[in-house]
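The values are calculated or read from the model by the stated rules, or taken from the named source; none is laboratory data. Predicted model, so just to flag it, every value in this text is computed and none were measured. FYI the Cβ positions are ideal-geometry reconstructions off the backbone, even for glycines, and counts take in every protein chain you see.
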Amino acid sequence: MMVKRLAGEAIALAFTLGACFAITQHGTSELRRKQKQAMIHRFEQAVAIMIGKAHEAKDDLQIQQIVQSLGQASDVAMACVVDSDKKILAHSQPAQLGQTFSAFGIPKPLYSVELKNGNGNWGRLILSLTDRPSQTAEIKLRTFIGICFVLSGTVLFGLRALDLQRMAHAEKRVADMVWLQQEEREARARAEKAGREQENRLEAWIQNLVDQVHQPLVLLDHQQRGLAANAAARERLGIDPLSLSGVSWQEIPCLAGGGALLGESLRKPNQIMIGNHDPKLQLCSVKTPSNGLMGTWIVLS
């Protein structure tokens, strides 16, 4: 009877730990998925805007510099720009220039963004992003939960002769639950920290791309909030990067009187608009059929 009772307790604890494992896996995986989608979308916005501007200026060298800069990032396995015939126009590995793009041998998944101008779709940006930090964290989490299963079974069957201490066993199960809940909170905290670190790296990539443009340039995201500005624009406007990030376009000095021009640009995406007030502005809102409004680039004259 005692062995059966203890076996029943072991089964109950195994199901309890299994439930905690499922909740932990679902919570951390869902958090990583949402963080990754948000970062990739923001990444696509900034890069597509920069490449679109370089294409408008017919500056193929700048497009190649942007793509090579992407390829140097630790989380980017491959980056390239292809035309409508899949001919490679720019690649993180310059030796691939001029060849026909093939996905064979490239780490999956691949992310693709249409590149458009006033004449229609002229090409596509293709990215292969790695997820090594998240995979390592998940392996560690699975290993830790597996150890918990082994330890719980060892404790229960190691105490099978102490039937009079069943209340102590129950208290231990409660303590295990509390411990696993704490581990879940710590796992979520680690996932959030990794997400913040990836977002910080993304912002650094975007700023590095913007700083390659010599003209004063300001980028807005798809909600027309400040995304980045190069050194020339920051000096011209007398602002720092932190004061620009996430603020409404109405709070940016150069756009205080440009609401009508920005509104016209949003109504007529992928067309360069030129304003006459001081400072003179050139701006273009970039939009694709598959991704919607990506954002707006603004050049100060």
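Note on segment 246-282: among residues that are in a strand (DSSP E or B) and touching a residue at least 24 places away in the same chain (Cβ under 8 Å), the one that is nearest to Glu199 (Cα to Cα) is Ser248. Within the span defined as segment 70-84, one or more residues are more than 28 Å from Gln198 (Cβ to Cβ), in contact with a Gly (Cβ under 7 Å, 6 or more places away or on another chain) and either charged (D, E, K, R) or part of a strand (DSSP E or B) (or both). Across segment 38-73, the qualifying residues are those that are small (Gly, Ala, Ser) and in contact with a Ser or Thr (Cβ under 8 Å, 6 or more places away or on another chain), and the one among them that is nearest to Ser285 (Cα to Cα) is Ala48.
At negative phi, part of a helix (DSSP H, G or I), charged (D, E, K, R) and at pLDDT 80 or above: which single residue out of Lys34, Lys4, Lys53 fits that description? After applying the criteria, what remains is Lys53.
Out of Leu151, Leu202, one residue alone is farther than 30 Å from Ala73 by Cβ, modelled with pLDDT under 85, in a helix (DSSP H, G or I) and not assigned by TED's automatic domain parsing to the domain that holds Lys287. It is Leu151.
Here's the yes/no breakdown for (1) in contact with a strand residue (DSSP E or B) (Cβ under 9 Å, 6 or more places away or on another chain); (2) of a type outside the set (S, T, N, Q); (3) under 30 Å from Trp122 (Cα atoms):
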{"position": "Asn208", "(1), (2), (3)": "no, no, yes"}
{"position": "Val213", "(1), (2), (3)": "yes, yes, yes"}
{"position": "Leu244", "(1), (2), (3)": "yes, yes, no"}
{"position": "Ile252", "(1), (2), (3)": "yes, yes, no"}
{"position": "Ser285", "(1), (2), (3)": "yes, no, yes"}
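Every test in (1) of a type in the set (Ser, Thr, Tyr); (2) in a helix (DSSP H, G or I); (3) under 18 Å from Glu56 (Cβ atoms) is passed by Thr296 save one, and that test is (2). Set side by side, the residues Ser243, Ser265, Ser248 differ, and just one is within 18 Å of Asn117 (Cα to Cα) and either in the same structural domain as Ser69 (by TED's automatic domain parsing) or hydroxyl-bearing (Ser, Thr, Tyr) (or both), which is Ser265.
Selection over segment 85-120 of residues that are in contact (Cβ under 8 Å) with a residue 40 or more places away in the chain and closer than 19 Å to Val47 by Cβ gives a count of 6.
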